[in-house]
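For reference, the structure is listed below as structure tokens.
Each value in this text was obtained by applying a stated rule to the coordinates, not by laboratory testing. Keep in mind it's a predicted model, so treat the numbers as computed, not measured. FYI the Cβ positions are ideal-geometry reconstructions off the backbone, even for glycines, and counts take in every protein chain you see.
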Amino acid sequence: MRADRLVAALLFLQTRGRVTVAEVAAELEVSERTARRDLEALGAAGIPVYATRGRGGGWELVGGARTDLTGLTEAEIRALFLVTGPWAASPELRTALRKLVRALPAPLRAGAEAASRAELGDATDWSGGRAALAPAPASASASVVERAVVDGVRLRLGHARPGEPVGVRTVDPLGLVSKAGARYLVAGTDRGLRMFRLDRIASAEPTGEPVDRPEGFDLAVAWRELAGRMEERLGAATVRGRAEPGVEGLLRRLFGSRVRIAPGEGRLSIEVEVDGPSPEVVAAQLAGLGARFEILEPPSARTHLATLAAALTTLYGPPPP
């Protein structure tokens, strides 16, 4: 879904009052299915758009037709600019956003501009391939985090990694990033800049204190540094093995740029190297290939896979006679 289409659909609603899906499709030069999906996305982003059925029905904004954006609330403006901000790379979308800002009442313009800068999009996944653009469902605290980023207010944040208890800390929310189907908060902490996945945030409470923003802070630069650290951790260990011919495509889908396959044709097996955060994690990921992949080293990966196999045999093996 293109953010510039959402902006165009909203402007069309504002100027026409009530519209049909067919009219939106004609205006945006898309299919009716795409037009309906865009209208639904506006509602999901917090814009008060609704549909009425029957003769004379259509889609309209709560409150009737308007020729500008002055009827939108502060929360609705924030939601719209957060949706469009991460993907505002095209000149057309940047122009549309500038027009939207000019159409807003003066007291709301600063917030809209802050929201448009609050989030950026990273179009690659953690293995270096193209990323999914649709974000995963966020936690119930996501809206609190978004507001804190835009308003520049410190947060008392509860966050937990998988399998770990929730830890609470005070952070300075500095920006948001959409990457690989997930959203991340970039924040200052007592240990420097850190990233927090929004869908792992258990609680977020504003402290009322202003954010301590580093001088010259640039969200794109900060994200490159944090993402680089993560990519280093993802490639901290290497597992070597051999695989049956024909699984190369599956290995590349699973590991992206973290897998290296020795060239050659007509062999009974292929040599493979896979990078990951630890030998045990890589072994667990390779377990689904069964006998099509044999781990050769390190020994800890073989041991971990043997332990997994024994546990699975105990759970799913045939019952004793």
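Less than 5 angstrom separates the built amide H of ASP125 from those of ARG130, ALA131, all sequence-distant by 5 or more or on a different chain.
Size descriptors for the range 142-217: radius of gyration and Dmax over Cα atoms are 11.6, 36 Å. Sequentially through the range 32-42, phi angles give Karplus couplings (6.51, -1.76, 1.60; θ = phi - 60°) of 5, 4, 5, 4, 5, 5, 5, 5, 5, 5, 4 Hz, Gly and Pro residues having no value and appearing as x. For the range 197-321, the normalised intensity computed at q = 0.16, 0.19 Å⁻¹ comes to -0.88, -1.07 (log10 of I(q)/I(0), Debye sum over alpha carbons, equal scatterers, no solvent). The ellipsoid that matches the Cα gyration tensor of the range 270-321 has semi-axes, each √(5λ) in whole angstrom, of 24, 12, 9, with the longest given first. Sorting the segments 172-184, 241-253 by their mean number of nearby beta carbons within 10 angstrom, highest to lowest, gives 172-184, 241-253.
When the alpha carbon gyration tensor of the range 190-268 is reduced to an equivalent ellipsoid, the three semi-axes, largest first, read 42, 15, 10 Å.
Near the amide H of LEU176, within less than 5 Å, lie the amide hydrogens of GLU119, LEU120, VAL186, all on another chain or at least 5 residues away, with H placed in the peptide plane.
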